[in-house]
1. Do we find that residue 220 is without any contact (Cβ under 8 Å) to a residue 40 or more places away in the chain and not aliphatic (A, V, I, L, M) in this structure?
2. Can you name the residue in region 348-371 that is of a type outside the set (A, V, I, L, M, F, W, C) and outside any loop (DSSP other than H, G, I, E, B) and is also farthest from residue 52 (Cα to Cα) among such residues?
3. State the number of residues belonging to region 280-294 that are touching a Pro at 6+ places or on another chain (Cβ under 6 Å) and in a loop (DSSP other than H, G, I, E, B).
4. Name the helices (runs of 4 or more DSSP H) wholly within region 1-65 that hold at least 1 residues that are open to solvent by less than 40 Å² (accessible area, probe 1.4 Å), in contact with a strand residue (DSSP E or B) (Cβ under 9 Å, 6 or more places away or on another chain) and more than 20 Å from residue 363 (Cα to Cα)?
5. When you go through (1) of a type in the set (Val, Ile, Thr); (2) touching a Leu at 6+ places or on another chain (Cβ under 8 Å); (3) open to solvent by less than 10 Å² (accessible area, probe 1.4 Å) one by one for residue 270, which number turns out not to apply?
6. Whether any residue in region 247-257 is free of Cβ contacts under 8 Å to residues at least 40 places away in the same chain, open to solvent by 10 Å² or more (accessible area, probe 1.4 Å) and not small (Gly, Ala, Ser) is what I want to check.
7. Residues to consider are 193, 218; find the one that is crowded, with 16+ Cβ neighbours inside 10 Å and at pLDDT below 95.
Amino acid sequence: MDDTAIPAPVRELTPRVHAAVLAGGGDLAPSTMRIPNAHYTSPVIAEAEMRTTFTAPLLLTPGSAVAEPGSFLALDLPGTPVIVVRAADGRVRVLLNACRHRGATLAEGSGCTRRFTCPYHTWAYDTDGCLVGVPDRRKGFDNIDVATHGLIEFPSEERHGLVWAVLDPAGELDLQHHLGPLDGELEAWGYGYHVAATMELQLGSNWKCALEAFQETYHFPYVHGNSIGPGVISNIVTFDQFGRHHRLGVPLVSLGTDPEPAEGENVSCIYYIYPCTVIATSPLGGEMLQFYPGQIPASSTVRHTVLSRVPLADEDTRAFFKDYVPVIQAVIRDEDAVVLERAGAGIRAGRTDVVLGRNEIGCQAAHRQILADLAGDKDSSAPASRLTIAAAGG
């Protein structure tokens, strides 16, 4: 592979990751970290997270998922169903997926349309969210102002090929502030990636429990020993903080253990994008995982997206992903999800805390960001900040 084709972050990381492999160990946290059981099981903690962590800008989807005007994607975000749609002017909008008449859901799944029509009474909205049709309006709704009854819109922005939003219609989306130093890092990748497939899983484990599984490679030999594990040098990572986000450098076996690293793209970057997204890169594209709280603390939704660096219009590319997608989805569904269900059951019993090792530096870093949110919770009626104290040390 021509070195100029290797993304700049990988070129930068390769010598350091290779040095960690030769040394037999990567970056480590200063100590172990104990997370109290309540952070996975307490409704009080879960409510505090919704007031704090999930008011941050969320990465919703690659922009390529809604590539053409009229294309849309319906997403169930924490407490808020939304429609991500590319309007006629080419701009992506994020709209509340609820009719302004009686609140019925307008869209499901994905597709392309000029109108969103309510299945209840057929009120209709265009892709800007404007109300454009009310049956028998003169008989029943002659006094409403159509201009003020469009779909509720959330502040959103498309940047680095990704769609971001805040789930507060009156909120402000300041991506420059939110991304901080990660902004330049994402720009260096040029995430104009194409969506090859998506899959959603409902898990009987807390969303942070699910997130942890994608912030370390310690488990690879045991959970993925017959699938992706042999391709990764497990339990060795480099760590870099980017504001509230971070990056893990993961060595692939193809990196080698010779005095000089093998040529080519032999390092995977695993990004934690605060608060609930992970992007894991690969030479063919990557995977995006999003972790959302469920209806109860001991439940969550994981959305898994397979990304391609090249358009899927090419026949060879389509053929490759036709074979690859079922394999990588099986890893998530039949390996990761199985152990996460078991971890969720054990934690749900309420008698054990979680201990994160020094080698699980990514897990620790993600938890520290969320713990900082809880410590700053201004709702004095919630004891969440007191519960975080035990998690600060080993």
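The values are calculated or read from the model by the stated rules, or taken from the named source; none is laboratory data. What you see is a predicted model; the values in this text were computed from it and never measured. As a convention, Cβ positions derive from the backbone with ideal geometry for all residues, glycine included, and neighbour counts pool all protein chains shown. Just the protein is used for accessible areas: all its heavy atoms, side chains included, with ligands, DNA and RNA removed. Shrake-Rupley method; radii C 1.70, N 1.55, O 1.52, S 1.80 Å.
1. yes
2. Here the answer is 348.
3. 0
4. On the way: elements: 8-23, 38-41, 43-51.
Fully inside region 1-65 and qualifying: 8-23.
5. (3)
6. yes
7. Answer to the selection: 193.
Quick grid of which residues meet (1) more than 24 Å from residue 265 (Cβ to Cβ); (2) β-branched (Val, Ile, Thr); (3) within 23 Å of the chain's Cα centre (by Cα); (4) at pLDDT 95 or above:
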site	(1), (2), (3), (4)
2	no, no, no, no
11	no, no, no, yes
35	yes, yes, yes, yes
45	yes, yes, yes, yes
